[in-house]
Amino acid sequence: MFSKKQFNPPLVFWFATAFTSGFVILSLEMLGFRFLAPYFGYSTYVWGSLLGVIMAALSAGYYFGGVLADRKPEGILALNAILFANGYLIFIALFYKAILDNLIVSDIIWGSILASSFLFGPPMVLLGMMSPFLIRLLAQENTVGSIAGKIFAISTGGSILGTFLTSFVLIPELGSFKTLVALILALAILYISGSLNRGWNLATGGGFIVLALLLPGNKIGAEIAYQTESAYNLIQVKKEKNFYTLALNGGKRAHSSYNKGFVSTGSYFDFMLIGPTLTQSKNLLILGAGAGTSIRQFLKNFPNLQVDAVEIDRKIIAVGEKFFDWPHSPNLKIFVEDARPFLNKASKFYDLIEIDTFAGGPFIPFYLSTKEFFVKVKEKLSPNGWMMMNVITGKKSPLFSDSLGKTVQTVFPNLYILDLGGNLLFFAPKRHIELAELKLILENVAFSHLKNLAGLALERIYKSSPKKNALVFTD
């Protein structure tokens with residue numbers, strides 16, 4: 001390490017340090033949510049845990065940075081904090097999956113708090129030390145206010161760029177892991193730029209760059225035929241012989257399925273075909289089209305049906321085109337939009353609305369599970385229309401599916417549930433329909449190729465009643 005006399009970088013280096021540390025802090029925050037989501041879901045619990053831990057770590061960094069700067073106002077300590085933070089980021093890149101795999105047995109709140117602490121606590125403390133340290137190093141007696149203002153303005157500018165660039169460019173184009181590698185490279189370059197003409201430190205910084213470039217990355221299993229990352233999801237296509245499945249965000253469940261040469265999937269998608277038999281369906285809205293499984297099945301079985309399909313992730317549609325025999329029909333319109341904004345501005349009414357918006361974990365975006373959302377869905381149904389919805393449930397912990405059902409029942413006059421094991425299909429009519437009437441419809445399905453499905457549905461469908469401990473979700 002350097003003596004105090006040896007280390008005297010120019011002012012622009014310290015401003016670059018403030019900017020880069022601000023950039024990395026917010027970029028890590030955005031990455032943190034992407035790392036945690038496949039294991040703990042997309043709920044506000046996860047966001048709250050991550051933000052709370054990061055704010056606590058930054059507060060600790062501000063405090064200890066200020067104390068240390070007063071005791072030893074030496075720039076080399078700030079440079080070493082950058083080095084140690086970068087070393088920890090390399091540790092994260094190597095072991096974050098193993099850490100998350102071990103913490104997934106915890107509940108959502110404590111699991112996400114512990115994961116956030118292990119993964120992001122130490123580097124956030126070290127990077128949080130930068131602002132008070134830089135103010136102490138650069139301020140003279142009569143310039144404390146102006147230097148503090150400059151440091152915080154520059155650091156905040158880095159944070160703003162880190163937020164936008166990570167969200168809109170780095171993660172969609174590079175993916176989460178390569179974005180983390182890019183942050184490691186940025187800190188290593190910063191460290192080297194403060195170490196010019198000092199061999200040992202140049203070698204250390206160069207070693208970090210080599211390590212970052214040699215990081216093994218996310219291993220793709222032999223069953224993964226294709227993998228990419230979008231602004232919304234980690235997208236994986238799994239292949240076994242001629243059978244393709246779409247998996248999102250590391251989840252174990254199939255979000256779309258395609259068996260080459262077959263229309264049937266052998267899963268819950270098939271039972272969605274019951275929907276058009278419940279009413280004289282002329283048009284259908286699909287919220288959460290995925291890679292096109294339901295679209296393909298509906299158009300094959302009901303060729304005169306007009307289908308509007310909404311999918312927020314353009315890259316999933318591209319995957320559907322490439323691997324899942326994405327259907328092309330004059331009866332099909334695709335909307336690359338978020339489901340709820342689409343409903344807010346839609347002027348059309350539908351005989352049937354299918355909702356399937358799970359994206360890896362057991363949860364869906366909260367605003368697609370609230371009373372206000374289902375009110376909007378009901379408004380877009382024709383007088384004899386039906387809503388049907390795929391719901392992932394846990395037999396040991398069914399609180400979410402119970403609460404979702406109770407929420408639906410505050411809006412629709414009836415809710416019928418088709419229990420398929422890990423999946424529940426909700427069927428909710430706009431007008432009041434008794435279970436006996438529903439069963440009579442299923443008993444008299446006119447389509448011969450759907451009679452087996454209707455028969456199985458008759459055995460498993462039941463009328464839902466609100467659970468005492470269930471919640472009603474609202475905006």
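The values are calculated or read from the model by the stated rules, or taken from the named source; none is laboratory data. Note that the structure is a prediction, hence the values are computed from the model and not measured. In this analysis, Cβ positions are derived from the backbone assuming ideal geometry, glycine residues included, and neighbour counts consider all displayed protein chains. Keep in mind that these areas ignore ligands, DNA and RNA; they rest on the heavy atoms of the full protein, side chains included. Shrake-Rupley method; radii C 1.70, N 1.55, O 1.52, S 1.80 Å.
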Take the alpha carbon gyration tensor of segment 240-279, find the square roots of its eigenvalues, order them as a ≥ b ≥ c, and report rounded if a/c is under 1.5; if not, report prolate when a/b exceeds b/c, else oblate.
oblate
Count the net charge of all other residues whose Cβ sits under 11 Å from the Cβ of Glu459, scoring Lys and Arg as +1 and Asp and Glu as -1.
+1
Output the 0 to 90 degree angle, nearest 10, between the alpha-carbon long axis of helix 399-409 and the longest principal axis computed from the alpha carbons of the chain.
50
Given a 1.4 Å probe, how much area per residue of segment 340-475 is accessible, in Å²?
45
Within straight cross-link reach of Lys430, meaning Cα distance under 13 Å, which aspartates and glutamates are found once same-chain residues fewer than 8 apart are removed?
Asp351, Glu379
Counting other C-beta atoms within 10 Å, and keeping those with at most 10, which DSSP coil trypsin sites (Lys or Arg not before Pro) do you find in segment 244-294?
Lys252
By how many degrees, between 0 and 90 and to the nearest 10, does the Cα long axis of helix 108-128 differ from the longest principal axis of the chain?
30
Consider all pairwise Cα distances in segment 357-475 and report the whole-number % of them above 24 Å.
26
Exceeding 32 Å between C-alpha atoms, which entries from my cross-link table qualify? They are Lys252/Lys468; Lys371/Lys451; Lys315/Lys451.
Lys371/Lys451; Lys315/Lys451
What fraction, in whole percent, of alpha-carbon pairs in segment 319-393 exceed 15 Å separation?
64
Where a ≥ b ≥ c are the square roots of the eigenvalues of the C-alpha gyration tensor, would you call segment 249-396 rounded, which needs a/c under 1.5, or, failing that, prolate if a/b is larger than b/c, or oblate?
rounded
I'd like the projected area of segment 4-74, averaged over all directions, using the convex hull of its alpha carbons. Report it in nm² with one decimal.
6.0
For Pro413, the net charge from surrounding residues (Cβ-Cβ under 13 Å; K, R +1; D, E -1) works out to +2
Rounded to the nearest whole number, the Stokes-Einstein translational diffusion coefficient of segment 77-137 at 4 °C and 1.567 mPa s (Kirkwood radius, C-alpha pairs) in µm²/s is 102
Positive end of the charge dipole of the chain (Lys, Arg +1 and Asp, Glu -1 on Cβ, about the Cα centre): tell me which of Phe91, Ser294, Thr407 has its Cα farthest that way.
Phe91
Qualifying GluC sites (Glu not before Pro) for segment 383-470 [loop in DSSP, other Cβ within 10 Å: at most 16]:
Glu434
In whole µm²/s, the translational diffusion coefficient that Stokes-Einstein assigns to the chain, given a Kirkwood hydrodynamic radius over C-alpha pairs, 4 °C and 1.567 mPa s, equals 52
Convex hull per residue volume in Å³, alpha carbons only, for segment 425-475
126
Magnitude of the Cβ-charge dipole of the chain, K/R +1 and D/E -1, about the Cα centre, nearest 20 debye?
180
When the distances between all Cα atoms of segment 12-153 are binned every 10 Å from zero, what whole-number percent does each bin get?
12, 40, 28, 15, 4, 0
Considering only the other residues whose Cβ falls under 15 Å of the Cβ of Ser155, what net charge follows from Lys and Arg at +1 and Asp and Glu at -1?
+1
What is the projected area of the convex hull of the Cα atoms of segment 79-207, averaged over all directions, in nm²?
9.9
For segment 199-336, evaluate the Debye formula with one uniform point scatterer on each Cα (no solvent term) and list log10 I(q)/I(0) at q = 0.10, 0.19 Å⁻¹, rounded to two decimals.
-0.42, -1.09
